[in-house]
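Participant: One structure, as structure tokens, below. Some questions next.
Laboratory data are not the source of any read-out in this text; all were calculated from the coordinates shown. Because the structure is a prediction, the values reported are computed rather than measured. Glycine also receives a Cβ, built like all others from the backbone with ideal geometry; neighbour counts cover every protein chain displayed.
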Amino acid sequence: MEDPLVKAVFARWSACMKAKGFTYPAPMAANDDPRFRPTPEGASRTEIATALADIDCRATHRVAEVWHAAETRIQRASIARDATALAADRRALDGSLRKAADVLARP
């Protein structure tokens, strides 16, 4: 969420939504709008209009692709930086799983 490219795509999405008459700082804000809770009557016209605008703005600005690319870049850097610790964690987990399997295999 702090990645400059993600911040920029969220800003473009927000401007797109504003041009369509909806004011939200980021895509999650539209999803979390308290006006859009399930009701017996179903989705309101406002909720449907907001959702359609959201879909269009997300697609136009490739929000999912930009966000995914940033997440991937950040996670790969973290994996590379912490490879030794992650390998040690993997060995510890594998050892725990072997012990559990041995215990479960006993009559």
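Participant: Check residue 102 against each of (1) of a type outside the set (Val, Ile, Thr); (2) surrounded by 10 or more Cβ atoms within 10 Å (Cβ to Cβ); (3) part of a helix (DSSP H, G or I) and name the one condition it does not meet.
Facilitator: So the condition that residue 102 fails would be (2).
Participant: Let me ask something additional. Hey, could you check the stretch 38-92 for residues that are of a type in the set (Val, Ile, Thr) and under 19 Å from residue 2 (Cβ atoms) and say which is surrounded by the most Cβ atoms within 10 Å (Cβ to Cβ)? Reasoning before the result, please.
Facilitator: Going residue by residue through the stretch 38-92, those that are of a type in the set (Val, Ile, Thr) are 39, 46, 48, 50, 55, 60, 63, 66, 72, 74, 79, 84.
Filter once more, so that each one left must be under 19 Å from residue 2 (Cβ atoms): 63, 66, 72, 74, 79.
Working: 63: 20, 66: 18, 72: 10, 74: 13, 79: 10.
So, considering only residues that are of a type in the set (Val, Ile, Thr) and under 19 Å from residue 2 (Cβ atoms), the one surrounded by the most Cβ atoms within 10 Å (Cβ to Cβ) is 63.
Participant: So residue 54 passes all but one of these: (1) more than 18 Å from the chain's Cα centre (by Cα); (2) under 30 Å from residue 21 (Cα atoms). Which condition number does it fail?
Facilitator: All conditions pass for residue 54, except number (1).
Participant: Moving on. Just to be sure before I move on: is residue 35 within 22 Å of the chain's Cα centre (by Cα), among the basic types (Lys, Arg) and more than 19 Å from residue 1 (Cβ to Cβ) in the structure I sent? Give the derivation first.
Facilitator: Details: within 22 Å of the chain's Cα centre (by Cα): yes; among the basic types (Lys, Arg): yes; more than 19 Å from residue 1 (Cβ to Cβ): yes.
So residue 35 fits the description; yes.
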